[in-house]
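Q: Would you mind keeping the following structure in view while I ask a few things?
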Ligand code: PAF
């Protein structure tokens, strides 16, 4: 596996691949890799000649009181993981490279960035869209692989790719879960033992919502209340939001018909967990 540490090294490497008419599958990450990431890598491996992964803890997507400094960084372990999965190249940019002195350009995907998590994490999706736009311009992949776990991120990035005519396909891969249903996330390692035991309540609440919908319940408020009750009765979690939204616009739905997403964020202690399902 080749380790690329500068933008010019990536560009040279990509030119060779393009000259040889080979295709590129790209997986953007912030490192601290887990099976969810590996699943994206495996999908990319199946469909492309070359697989490139980026590892960059992007300062632009963290708020001032968020966990940028504490975010797990484990480059050696991540490299071993990626090597095992036969990734062709990993790109490790630095913040100075991505946002050099005098940097002024940001991508703002309006409306969908402000809803759900965006309401509580001001500027987060602007940071995500900006870094992914930059990575797409540097790597020029045929396909970018994203996890459904970050459902709103998928909506924001799909919109950006469409609106800005990026010549890339977006492939969304289902969430990988622990045996008890907890969605895999690099932040799960922040959970204390007690919090970890309670963490599956989020997935259980989403499953409960799905069952209600399958059995004919159409009122979003009823579903939301049942989810709230499940979470509060079975854990000490603090609910940040539970919302039933259109899966493309993220507008609140008034009736459960089709094409909607149930998304939720909870806090267990200081750890924020998100999850969603598309119905
Ligand atoms: O999902 C993530 O890990 C990040 O938001 C991403 C897409 C790598 C952008 O920094």
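The values are calculated or read from the model by the stated rules, or taken from the named source; none is laboratory data. In this text the structure is predicted, and so the values were computed from the model without any measurement. Don't worry about glycine lacking a Cβ; one is built from the backbone with ideal geometry, like all the others, and counts go over all protein chains shown.
Q: Condition test on residue 118, is it more than 12 Å from the ligand (Cβ to nearest atom), surrounded by 19 or more Cβ atoms within 10 Å (Cβ to Cβ), more than 22 Å from residue 138 (Cα to Cα) and modelled with pLDDT of 95 or more? Write out each step before concluding.
A: Details: more than 12 Å from the ligand (Cβ to nearest atom): yes; surrounded by 19 or more Cβ atoms within 10 Å (Cβ to Cβ): yes; more than 22 Å from residue 138 (Cα to Cα): yes; modelled with pLDDT of 95 or more: yes.
Yes, satisfied.
Q: Among (1) part of a loop (DSSP other than H, G, I, E, B); (2) in contact (Cβ under 8 Å) with a residue 60 or more places away in the chain; (3) within 14 Å of the ligand (Cβ to nearest atom); (4) surrounded by 14 or more Cβ atoms within 10 Å (Cβ to Cβ), where does residue 52 come up short?
A: (1)
Q: Moving to a separate point now. Determine which single condition residue 127 fails, assuming it passes every other condition in (1) near the ligand (Cβ under 9 Å from one of its atoms); (2) more than 24 Å from residue 182 (Cβ to Cβ); (3) surrounded by 22 or more Cβ atoms within 10 Å (Cβ to Cβ).
A: It is condition (3) that residue 127 fails.
Q: Among the candidates 76, 86, 16, which residue alone is surrounded by fewer than 14 Cβ atoms within 10 Å (Cβ to Cβ), in contact (Cβ under 8 Å) with a residue 24 or more places away in the chain and more than 23 Å from residue 161 (Cα to Cα)?
A: Exactly one residue qualifies, and that residue is 86.
Q: Residue 82 is checked against (1) more than 16 Å from the ligand (Cβ to nearest atom); (2) in contact with a helix residue (DSSP H, G or I) (Cβ under 8 Å, 6 or more places away or on another chain) and fails just one. What number does that condition carry?
A: Checking residue 82 against (1) more than 16 Å from the ligand (Cβ to nearest atom); (2) in contact with a helix residue (DSSP H, G or I) (Cβ under 8 Å, 6 or more places away or on another chain), the one that fails is (1).
Q: Something else: Would you confirm whether or not region 31-49 contains a residue that is more than 17 Å from the chain's Cα centre (by Cα), surrounded by fewer than 21 Cβ atoms within 10 Å (Cβ to Cβ) and either outside any helix (DSSP H, G or I) or near the ligand (Cβ under 10 Å from one of its atoms) (or both)?
A: Yes, region 31-49 contains a residue that is more than 17 Å from the chain's Cα centre (by Cα), surrounded by fewer than 21 Cβ atoms within 10 Å (Cβ to Cβ) and either outside any helix (DSSP H, G or I) or near the ligand (Cβ under 10 Å from one of its atoms) (or both).
Q: Of the numbered conditions (1) near the ligand (Cβ under 10 Å from one of its atoms); (2) touching a residue at least 40 places away in the same chain (Cβ under 8 Å), residue 24 satisfies every one except a single condition; which is it?
A: Against the list (1) near the ligand (Cβ under 10 Å from one of its atoms); (2) touching a residue at least 40 places away in the same chain (Cβ under 8 Å), residue 24 comes up short only on (1).
Matching residues to (1) surrounded by 17 or more Cβ atoms within 10 Å (Cβ to Cβ); (2) part of a helix (DSSP H, G or I):
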{"site": "203", "(1), (2)": "yes, yes"}
{"site": "213", "(1), (2)": "yes, yes"}
{"site": "216", "(1), (2)": "no, no"}
{"site": "224", "(1), (2)": "yes, yes"}
{"site": "229", "(1), (2)": "no, yes"}
